[in-house]
1. Given the options Gly386, Gly390, name the one that is of a type in the set (Gly, Ala, Ser) and crowded, with 18+ Cβ neighbours inside 10 Å.
2. Consider Gly363 carefully, then state whether it is under 28 Å from Ser312 (Cα atoms), buried (at least 19 other Cβ atoms within 10 Å of the Cβ) and either over 22 Å from the mean Cα position of the chain (by Cα) or of a type in the set (Gly, Ala, Ser) (or both).
3. Quick one: which of Pro107, Pro92 is more than 24 Å from Leu262 (Cβ to Cβ), in contact with a Cys (Cβ under 8 Å, 6 or more places away or on another chain) and either of a type in the set (D, E, K, R) or not assigned by TED's automatic domain parsing to the domain that holds Thr530 (or both)?
4. For segment 95-105, check the following and say yes or no: at least one residue is under 26 Å from the mean Cα position of the chain (by Cα) and over 26 Å from Phe145 (Cα atoms).
5. Given the residues Leu101, Leu63, which is the only one that is in contact with a strand residue (DSSP E or B) (Cβ under 7 Å, 6 or more places away or on another chain), in contact (Cβ under 8 Å) with a residue 40 or more places away in the chain and within 27 Å of Ala240 (Cα to Cα)?
6. Only one of these is buried (at least 23 other Cβ atoms within 10 Å of the Cβ) and closer than 26 Å to Glu180 by Cα: Lys57, Lys64. Name it.
7. Within segment 344-388, restricting attention to residues that are in a strand (DSSP E or B) and among the β-branched types (Val, Ile, Thr), which residue is nearest to Leu311 (Cα to Cα)?
8. Does segment 85-98 include one or more residues that are among the acidic types (Asp, Glu) and within 21 Å of Gly533 (Cβ to Cβ)?
Amino acid sequence: MEIIKGFPSTMMDDYQLNVTQILEHAGKWIGEQEIISRKKDGTIFRYNYGEAFRRVKKLASSLKSLGVKVGDRVGVLEWNTHRFYELYFAIPATGAVMLELNPRLHPLQLAKIINHSKVSFLFLNEDFIPLVESISNNIPLVKKFILISDIEKTPQTNYYNYESLVEEGNEEYEIPMFDERTSCYAAYTTGTTGDPKGIYYSHRSIVLNTLVISRNITIDDTFMQLVPMFHVNGWLGFMAATLVGAKLVLPGRYTVDNPKPLVDLMINEKVTVTAGVPEVFSSILNYLRSMENKPLFVNSRILIGGSEPPLSLVIGLMEFGFQVGQGYGATETTPSVAGSVVKPRIREKYSDKDMLDLLRKQGIPTFGVDIRVIDPSTGKDVPHDGKTIGELWIRGPWIASAYYNDPRTVESFVGDGVDRWWRSGDLAVVDELGYIKIVDRIKDVIKSGGEWISTVDLENHLMAHPAVAEATVIGVPHPKWGERPLAFVVLRQGFENKVSKEELLGHLGQRFARWQLPDDIIFVKEIPKTSVGKFDKKVLREKYRDFFISSR
């Protein structure tokens, strides 16, 4: 695509977009709006955007005094707290790059990421002292460690103290304006198919994506940041909330096994908007159902991403008053690519059931993003008929154009300049109305007897059965058919030994052809998961790769 330069504008086109401007605006003009942060002991810390902006300036000045320079990489190991929130602005305010580190990764994998990005300063929550000390000899480039703790004085002499840096900083620190193409954040993919791959986000990409996301939040909302802030910029929900001046709730550390603190925050703080993966909302739904006095969340909206939610989860959340939508994105896309939008003609013609099915689709592309669905065998675009499957290609102002210092860039990106596309590795269809549905990952889809079988559809229909808590499906080598589906099921409490394979296969048979059904169903106590809560099919494929061969 040729870029044509026309008649010059009279606008300030050299005025740069910087992420720090988002908090600066909120701090100056909507400073009284509240930020809530749940502490380690369960108590609530309350302050506002004005106070947050002052603390960020003080912290940024202290980081400069500590030796942080423009272009340095600064790692962060922290939960969803007000301090992580502050670091999202304070580190870019020095011209450095904040590296989001996932504490759930294997320690040696974490060290590899730290070294690959050449991290020289590392912030860590006190919970991660054992983790960091276990790899201290493997990360020689890290010069200084800053401890994030509610304890006023840091007991370890080799750590700087976060609050001391804030206290000693200069509130009059003037945040420079940086070239908007400068990196402000970095994140790594979860590495389910190999070593994690690094993405460096520009100020421009973050600000533009935040502007688009903020269309779904208003100053009257209360937004709760469920997505880990170390994962794909936390999906930028907290950033969009700041941009519009919504009340912001940061839940601190939480676990899927104990959703009570999350539900308490949702009720007590009157949360109206949140986003997260299906596993988190499934846990919240189960807890809500167990409550004696069941709450009703009128006008509360939920965005589900990461993977397609089971229909039973969507219906269950709606019973508690939630409006449920779905979004699609990736580490490479900052994250936004598509989201749920209900077109007027659909409201007029679709039944309630059709509307529910529509909400499980990934939606239509958001403004700023181009997509193509390419037939892998021909390299041509597939028709938008809702049936023909192809690989999803994506480009746009907040879509990556390369991996950082990684030869795998060649296989994942095609084209040059504005004609450069990221090959997502996701198989998708687009229907006549423009709605995208992710059918499967290329690495997960099952090719059996020359036909494709979607593991996503099988999994979601299994989880629609009232006895099933979790389910996943993998393709396993088969001597006759190439691959055949093998399902793994975790039953809900109270249904153990009460549901048979035959019953579940019969349930699937109501929707799928016989040749699409799993050849076997294995009941398990738990399904292995990745560091961000997705089913880890790589582990299952390795363990069961000879299942159909040895069973013959």
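The values are calculated or read from the model by the stated rules, or taken from the named source; none is laboratory data. Just so you know, these numbers come straight off a predicted model, no measurement behind them. Because the Cβ atoms are built from the backbone with ideal geometry, glycine has one as well, and the counts that use them run over all protein chains shown.
1. Gly390
2. So Gly363 fits the description; yes.
3. Pro92
4. Among the residues of segment 95-105, not one is under 26 Å from the mean Cα position of the chain (by Cα) and over 26 Å from Phe145 (Cα atoms), which makes the answer no.
5. Criteria check complete, one pass: Leu101.
6. On the way: Lys64 fails: buried (at least 23 other Cβ atoms within 10 Å of the Cβ).
Just a single option satisfies the conditions, and that option is Lys57.
7. Start the filter on segment 344-388 by keeping residues that are in a strand (DSSP E or B), which leaves 363-365, 370-374, 381.
The next check asks that each one be among the β-branched types (Val, Ile, Thr); those that pass are 364, 371, 373-374.
Values: Ile364: 19, Ile371: 26, Val373: 25, Ile374: 28 Å.
Here the answer is Ile364.
8. Checked segment 85-98: no residue is among the acidic types (Asp, Glu) and within 21 Å of Gly533 (Cβ to Cβ).
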